[in-house]
1. Among the residues of the range 130-141, what is the count of those that are assigned to a loop (DSSP other than H, G, I, E, B) and of a type in the set (A, V, I, L, M, F, W, C)?
2. Give all pairs with beta carbons closer than 8 Å in which a residue from the range 151-166 that is under 15 Å from Val112 (Cβ atoms) meets a residue that is assigned to a helix (DSSP H, G or I) and at pLDDT below 95; count only pairs at least 6 apart in sequence or on separate chains.
3. If I filter the range 82-122 down to residues being more than 30 Å from Thr140 (Cβ to Cβ) and of a type outside the set (A, V, I, L, M), which single residue comes out as modelled with the lowest pLDDT?
4. Going residue by residue through the range 74-85, is there one that turns out to be part of a strand (DSSP E or B) and either within 15 Å of the chain's Cα centre (by Cα) or farther than 22 Å from Leu30 by Cα (or both)?
5. Ser127: loosely packed, with under 15 Cβ neighbours inside 10 Å and modelled with pLDDT of 95 or more, yes or no?
6. Among the candidates Ser127, Ser160, Ser116, single out the residue that is under 22 Å from Gly8 (Cβ atoms), in a loop (DSSP other than H, G, I, E, B), more than 15 Å from the chain's Cα centre (by Cα) and of a type in the set (Ser, Thr, Tyr).
7. Take the residues of the range 138-157 that are over 19 Å from the mean Cα position of the chain (by Cα) and charged (D, E, K, R): which is surrounded by the fewest Cβ atoms within 10 Å (Cβ to Cβ)?
Amino acid sequence: MRVMGFVGSSGSGKTTLIANLLPVLTQLGLRVSTAKHAHHGFDMDRPGKDSYRHREAGAEEVMVVSNGRWALLREQRDYEDVSLQALLRRMTQVDLVLVEGFHRAAMPKIEVYRPSLQKAPLFPNESGIVAVASDALVETGELPLLSLTHMAPMADFVLSCAENLS
C-alpha cells in the first residue's frame, strides 16, 4: 500500500487536514484508509458495555459488529509498540493510507506547522519530512510549502510522493 504520513505538534491541524483531504482523494476514485497514533492510551469502549466487559475479563481481541460497521479491539497487555508496517499488514489493501503521527516511522511525511502555536518545527531535524503544510509563509529551505486551504494541490503532492511501505 502507498503511504503518506502527517506529523506536527498537537493542535496543529493534522486531523483537520486529513479530513479535508479525504474527499478530494476519494473523488479521484481512490480507496483511502487512515491510521492514527494516539500518544496516550485511548478507549473506544465504555465501562458497562458488553465488549468492555469481555476485554476486562481477559479477551485478547473483541470484535464489535453492527450493520455497516465493525471494529476489532486488540489488547497489548505487554505494552510492546507495534510497528507501523505490522499494523498496515492487518488492514485491507487500499490505494493509499494517510497516517497521522508515527513520526518515527520510515515513510514520507508532511509536517503540519502553524507558527502561531509558537512551537518549534520538526522539519529541520526530523528525517522523512518531504514538505511543510502551513497557514503562513514559512521558510522551509528546500522543502515545498503547501497551503492548508488548497486541497487539490495537496492531493497532487500526496499522490506524487506517497511510497509503498514494506
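1. Pass one, the range 130-141, residues assigned to a loop (DSSP other than H, G, I, E, B): 135-141.
Now drop any that are not of a type in the set (A, V, I, L, M, F, W, C), which leaves 136-138.
Looking only at that region, the number is 3.
2. none
3. Here the residue is Arg90.
4. yes
5. For Ser127, the condition - loosely packed, with under 15 Cβ neighbours inside 10 Å and modelled with pLDDT of 95 or more - is not met.
6. Only one candidate passes the filter, namely Ser127.
7. That would be Glu142.
The values are calculated or read from the model by the stated rules, or taken from the named source; none is laboratory data. In this text the structure is predicted, and so the values were computed from the model without any measurement. No Cβ is skipped: glycine too gets one built from the backbone with ideal geometry, and neighbour counts run over all protein chains shown.
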